[in-house]
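Asker: Before I ask anything, here is the structure I am working with.
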Amino acid sequence: MISLEELLSIEYPIIQGGMARVAKAPLVAAVSEAGGLGVLGGAAMTPEELRDQIREVRRNTSKPFGVNLMLQSEFWQDQIKVVLEEKPPVITTGAGNPSSFMKTLKEKGIKILPLVGSANQALLLEKAGADGVIAEGKESGGHIGDVTTIVLVNAVLKSVTNIPVIAAGGIVDKDSYRAMRAMGAAGVQMGTRFVASEEAPISSAYKDVVLKANERSTVEVGRRFKHAVRIWRNQLAQKLIEAEYNGDEETFSNLMLGALIRAVEGDLENGAFMMGQSAGLIKEILPVKDIIKSIAA
């Protein structure tokens with residue numbers, strides 16, 4: 001089987017998660033320059049914003065990078081048109097099935113790595129032509145599935161035999177990286193660790209929240225409404241928990257509206273600070289190149 005490094009033309013088998021509002025050009029270019037695969041978080045971008053971000057990444061690195069498409073985004077169909085015109089080397093996808101457009105992407109020479117939440121989904125996407133799959137466990141931050149990383153990665157590895165399996169969720173240091181590689185993962189995807197990087201274009205308050213967190217500082221909200229999200233346990237999180245307990249989806253949705261933007265801007269009370277349980281293992285903000293080399297060198 002081809003290695004992840006060879007498939008993506010990268011030095012280290014480390015992918016940066018395509019985090020909405022966080023994974024912008026400065027972070028993406030830094031990750032790719034350091035030998036990993038930086039990935040733009042396309043979920044909250046208009047098609048023209050996505051085009052501008054792709055071009056900004058290219059101005060700052062000649063190395064491979066990716067774009068994450070959230071298939072529940074209102075913009076995703078127009079974003080596909082931008083992708084086909086700009087031809088970023090790699091696409092990752094979440095919250096949907098990319099089978100309908102995978103062939104078109106591959107004809108343009110674009111690699112596609114869908115995010116999966118089950119072994120059956122991984123097997124179907126392998127048969128549909130995916131170049132690899134990202135098995136993301138519920139320990140991760142932001143939108144999550146319902147299976148833990150170690151169980152999900154193990155199950156996917158036993159089902160998928162011809163393409164690389166990338167492990168995601170709770171991976172933050174050399175020990176968790178080595179554990180996933182020992183299990184058989186071709187590489188890893190990390191999000192929260194890169195939130196606490198010097199290059200992440202977010203408020204210092206967001207980064208400080210990650211540093212102060214422990215392994216119990218996050219909470220899962222929204223599963224009752226079929227949109228489970230892991231965020232920092234703050235005042236907003238408590239209001240979301242109460243709305244969910246009461247079955248009040250309208251209040252829940254109103255509270256979440258713009259909450260990630262507020263987090264990126266540093267609103268400690270009303271922001272949805274998306275981060276994984278692994279935040280409790282992060283003790284310092286580092287340059288991206290130091291994060292990557294400390295894990296995979």
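The values are calculated or read from the model by the stated rules, or taken from the named source; none is laboratory data. Model, not experiment: these values are computed from the prediction. Quick reminder, even Gly has a Cβ in these numbers, built from the backbone with ideal geometry, and neighbours come from all protein chains shown.
Asker: Answer with yes or no whether Ile112 is without any contact (Cβ under 8 Å) to a residue 24 or more places away in the chain, in the same structural domain as Gly36 (by TED's automatic domain parsing) and within 20 Å of Ala23 (Cα to Cα). Explain how you work it out, then say what you get.
Answerer: On the way: without any contact (Cβ under 8 Å) to a residue 24 or more places away in the chain: yes; in the same structural domain as Gly36 (by TED's automatic domain parsing): yes; within 20 Å of Ala23 (Cα to Cα): yes.
Yes, satisfied.
Asker: Additional query: Restricting attention to segment 106-153, which residues are within 22 Å of Phe65 (Cα to Cα), surrounded by fewer than 22 Cβ atoms within 10 Å (Cβ to Cβ) and aliphatic (A, V, I, L, M)?
Answerer: Of everything in segment 106-153, just one residue is within 22 Å of Phe65 (Cα to Cα), surrounded by fewer than 22 Cβ atoms within 10 Å (Cβ to Cβ) and aliphatic (A, V, I, L, M), namely Ile110.
Asker: Hey, could you check segment 215-228 for residues that are touching a Phe, Trp or Tyr at 6+ places or on another chain (Cβ under 8 Å) and outside any strand (DSSP E or B) and say which is surrounded by the most Cβ atoms within 10 Å (Cβ to Cβ)?
Answerer: Gly222
Asker: Take the residues in segment 172-196 that are in a helix (DSSP H, G or I) and either in contact with a strand residue (DSSP E or B) (Cβ under 7 Å, 6 or more places away or on another chain) or charged (D, E, K, R) (or both); name whichever of them is farthest from Gly266 (Cα to Cα).
Answerer: The selected residue is Arg181.
Asker: Anything in segment 239-289 that is assigned to a helix (DSSP H, G or I), within 20 Å of the chain's Cα centre (by Cα) and surrounded by fewer than 16 Cβ atoms within 10 Å (Cβ to Cβ)? List them, or say none.
Answerer: Scanning segment 239-289 gives Ile261, Glu265.
Asker: Out of curiosity, is Leu69 within 17 Å of the chain's Cα centre (by Cα) and more than 23 Å from Ala297 (Cα to Cα)?
Answerer: Yes, satisfied.
Asker: Could you check how many residues of segment 171-193 are surrounded by 24 or more Cβ atoms within 10 Å (Cβ to Cβ) and in contact with a Gly (Cβ under 7 Å, 6 or more places away or on another chain)?
Answerer: Count: 4.
Asker: Search segment 239-256 for residues that are modelled with pLDDT of 95 or more and β-branched (Val, Ile, Thr) and pair each with any residue that is loosely packed, with under 15 Cβ neighbours inside 10 Å and assigned to a helix (DSSP H, G or I) when their beta-carbon atoms are under 9 Å apart and the residues are at least 6 apart or on different chains.
Answerer: Sorted first by the residue in segment 239-256, then by its partner, the pairs are Thr251/Glu242.
Asker: Scan segment 122-153 residue by residue and report those that are free of Cβ contacts under 8 Å to residues at least 24 places away in the same chain and either closer than 20 Å to Thr104 by Cα or of a type in the set (Phe, Trp, Tyr) (or both).
Answerer: Of everything in segment 122-153, just one residue is free of Cβ contacts under 8 Å to residues at least 24 places away in the same chain and either closer than 20 Å to Thr104 by Cα or of a type in the set (Phe, Trp, Tyr) (or both), namely Lys127.
Asker: Out of segment 8-60, which residues are buried (at least 18 other Cβ atoms within 10 Å of the Cβ), of a type in the set (S, T, N, Q) and more than 30 Å from Met256 (Cβ to Cβ)?
Answerer: Ser32 - this is the single residue of segment 8-60 that is buried (at least 18 other Cβ atoms within 10 Å of the Cβ), of a type in the set (S, T, N, Q) and more than 30 Å from Met256 (Cβ to Cβ).
Asker: With respect to Leu84, is the statement that it is surrounded by 20 or more Cβ atoms within 10 Å (Cβ to Cβ) and out of contact with any Asp or Glu (no Cβ under 7 Å at 6 or more places or on another chain) true?
Answerer: no
Asker: Okay, next question. Run down Arg21, Arg51 and say which single residue is among the basic types (Lys, Arg) and at pLDDT 95 or above.
Answerer: Answer to the selection: Arg51.
Asker: Kindly list the number of the only condition in (1) closer than 24 Å to Lys111 by Cβ; (2) among the aliphatic types (A, V, I, L, M); (3) crowded, with 21+ Cβ neighbours inside 10 Å that fails for Leu236.
Answerer: (1) is the only condition that Leu236 fails.
Asker: Could you pull out the residue among Ile231, Ile202 that is of a type in the set (A, V, I, L, M), in contact with a helix residue (DSSP H, G or I) (Cβ under 7 Å, 6 or more places away or on another chain), under 15 Å from Gly142 (Cα atoms) and outside any helix (DSSP H, G or I)?
Answerer: None of the other options fit; the residue is Ile231.
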